[in-house]
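Novice: After the structure tokens below, expect a handful of questions from me.
The values are calculated or read from the model by the stated rules, or taken from the named source; none is laboratory data. On a predicted model such as this, the values are computed, not experimentally measured, just so you know. Note: ideal-geometry Cβ built from the backbone for every residue, glycine included; neighbour counts use all protein chains shown.
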């Protein structure tokens, strides 16, 4: 009995030590992660031009798309520029404004940036990977995995996509 209590006490102390050493996630980094998560919601994807551009869209296509000329226009407004009305509309639609001070990077951390969210893809598992970094020299504070759901693009999204293509815009990042 004493042996079991001792082991239990050690496990509790070890867990407490582990959680006390874990770095807290800065709110703006968490907010940046929610921006990408929001862009992966079925309702957002339906209104997006993503599936008009990539009818069989894979997570790697999504990452390329959101950093493209066309996709970058679909990002929510920045915290710097959003007025109160825009913030209310964002909250009502379940979206999050892009926080100031957080950089978004495709595929890998940018060594020239500080706090950042890196968006990658796992096509085999059909996941978009979101990693939050306080510094690119440190391991990520968090890693989130979000499945890319297949939806039909709205008719307006299809028309908007066709119009953008006719104007010479690109749906993939350079």
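Novice: For the range 114-132, give me each residue that is in a loop (DSSP other than H, G, I, E, B) and either surrounded by 15 or more Cβ atoms within 10 Å (Cβ to Cβ) or in contact (Cβ under 8 Å) with a residue 24 or more places away in the chain (or both). Before you say what the answer is, go through the steps one by one.
Specialist: Going through the range 114-132, the residues in a loop (DSSP other than H, G, I, E, B) turn out to be 114-115, 123-126.
Answer for the range 114-132, where residues must be in a loop (DSSP other than H, G, I, E, B) and either surrounded by 15 or more Cβ atoms within 10 Å (Cβ to Cβ) or in contact (Cβ under 8 Å) with a residue 24 or more places away in the chain (or both): 115, 123, 126.
Novice: While we're looking at this one, here's another question. Restricting to the range 100-110, count the residues that are within 23 Å of residue 172 (Cα to Cα) and outside any strand (DSSP E or B). Quick ask: steps written out before the conclusion?
Specialist: Step one: of the range 100-110, the residues within 23 Å of residue 172 (Cα to Cα) are 102-110.
Of the ones still in play, those that are also outside any strand (DSSP E or B) are 102, 107-110.
Total satisfying the criteria: 5.
Novice: Just one of (1) at pLDDT below 95; (2) surrounded by 15 or more Cβ atoms within 10 Å (Cβ to Cβ); (3) within 19 Å of residue 164 (Cβ to Cβ) trips up residue 66, so point out which.
Specialist: So residue 66 meets the others, but not (1).
Novice: Check whether at least one residue in the range 144-151 is surrounded by 13 or more Cβ atoms within 10 Å (Cβ to Cβ), farther than 17 Å from residue 66 by Cα and touching a helix residue (DSSP H, G or I) at 6+ places or on another chain (Cβ under 8 Å), and report yes or no.
Specialist: Looking through the range 144-151, at least one residue is surrounded by 13 or more Cβ atoms within 10 Å (Cβ to Cβ), farther than 17 Å from residue 66 by Cα and touching a helix residue (DSSP H, G or I) at 6+ places or on another chain (Cβ under 8 Å).
Novice: Just checking, does the range 144-167 include any residue being under 19 Å from residue 24 (Cα atoms) and touching a residue at least 60 places away in the same chain (Cβ under 8 Å)?
Specialist: yes
Novice: Next up: Given the structure, is residue 138 surrounded by fewer than 17 Cβ atoms within 10 Å (Cβ to Cβ), in a loop (DSSP other than H, G, I, E, B) and at pLDDT 95 or above? Before you say what the answer is, go through the steps one by one.
Specialist: Values: surrounded by fewer than 17 Cβ atoms within 10 Å (Cβ to Cβ): yes; in a loop (DSSP other than H, G, I, E, B): yes; at pLDDT 95 or above: no.
So residue 138 does not fit the description; no.
Novice: Okay, moving on. Across the range 152-174, which residue is nearest to the chain's Cα centre (by Cα) among those that are in a loop (DSSP other than H, G, I, E, B) and surrounded by 18 or more Cβ atoms within 10 Å (Cβ to Cβ)?
Specialist: 171
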